[in-house]
Structure formats: structure tokens, C-alpha cells
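Asker: Following this message is one structure expressed as C-alpha cells.
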Amino acid sequence: MKKVIGWVLTGFLALLFVFVGGMKLIGVQGAVKEFDMIGFGQWFRFVTGALEVMGAVGLLIPQARFWAALQISAIMLGATAINVWVLHVPGLARVTAVLMGLALLLAWLRRPEDQSV
């Protein structure tokens, strides 16, 4: 059951973050406006999109899956904070918090085995 949940989460998160990160990279109008409202500049949209796509690709590589899931959860932590305190959209903050939780669950399911024992 653990493997099935891991594969379902992997596929879901990989597809989602390739799509969402890709939209940021190609400059979909909604993403451009959202990052204008954040106030860091459009370079931040490109960095965020690239990190999301790299994380999604990393999820598909078994040796990188744990670290990629942690990367995605860190991005979602930042997105949740920005949605709450900068953009003031609690509904979207809930979505990013759930995605962070799913990425953390995947990281836990795919955590490296302790070799020190």
C-alpha cells in the first residue's frame, strides 16, 4: 500500500508541478500579474517556475525523489506564506498548504533508510 500511495503521489505532484511551473516559465498572464502583485519582479517568477519544473522532474528519478519532494514542499511553504501575508488569498493558501503536506508525505514515504545502525 505504501508503494502505491508513493507512486500515485509522485505522478500527481510531478504532473501538477510541470504544468504549474511551465505556466510560470512561459509567462501566462495570470502568473505575470500575480508575481507583479508579490513585488519581487518577474525574475522571481522564472526562478519559481524553474524550481517547480526541476522538482517535478526530480520526483521521477528514484535517487532524487526524497530531495525533490523536500524542494517542492519548501516552495509551497513560501507560496503559502506569500498567499497569506502578501496576496491575502487564504483560499489559495489552503491549496498550497495541502500541496506542501502531500510533498512532505511523499518525502517521508521515500526517505532514505538509516544506514548508521
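The numbers here are math on the coordinates, done by the rules we state, and not lab data. Predicted, not measured: the structure shown is a model, and the values here were computed from it.
Asker: Restricting things to alpha carbons, tell me how big the chain is in terms of Rg and Dmax, in Å.
Answerer: My reading of the Cα-based Rg and Dmax gives 14.9, 52 Å.
Asker: At 0.36 nm per residue, and after removing the present C-alpha to C-alpha distance, how many nm does the segment from Lys3 to Lys33 gain when stretched out fully?
Answerer: Stretched fully, the Lys3-Lys33 segment lengthens by 6.9 nm.
Asker: How many angstrom lie between the C-alpha centres of the range 1-34 and the range 62-86?
Answerer: Result: 12 Å between the Cα centres.
Asker: Can you give the Rg to Rh ratio of the range 53-113, both from alpha-carbon atoms, with Rh computed by the Kirkwood formula?
Answerer: 1.06
Asker: Treating the angle as unsigned and between 0 and 90°, give the value, to the nearest 10°, between the Cα long axis of helix 29-38 and the longest Cα principal axis of the chain.
Answerer: 80 degrees
Asker: Sticking with this one: List the lysines whose Cα lies under 27 Å from the Cα of Lys24, skipping any in the same chain that are fewer than 8 positions away.
Answerer: Straight-distance partners of Lys24: Lys33.
Asker: Shifting gears a bit: For the chain, with a Gaussian network of springs between Cα atoms less than 10 Å apart, report the residue from Gly41, Gly55, Gly21 with the top mean-square fluctuation.
Answerer: Gly41
Asker: Test of understanding: what is the full-extension gain from Phe12 to Leu25, defined as 0.36 nm times their sequence separation minus their Cα-Cα distance? Write down the numbers at each step before the final one.
Answerer: Values: separation 13, 0.36 × 13 = 4.68 nm, distance 1.98 nm.
Contour length minus Cα-Cα distance gives 2.7 nm.
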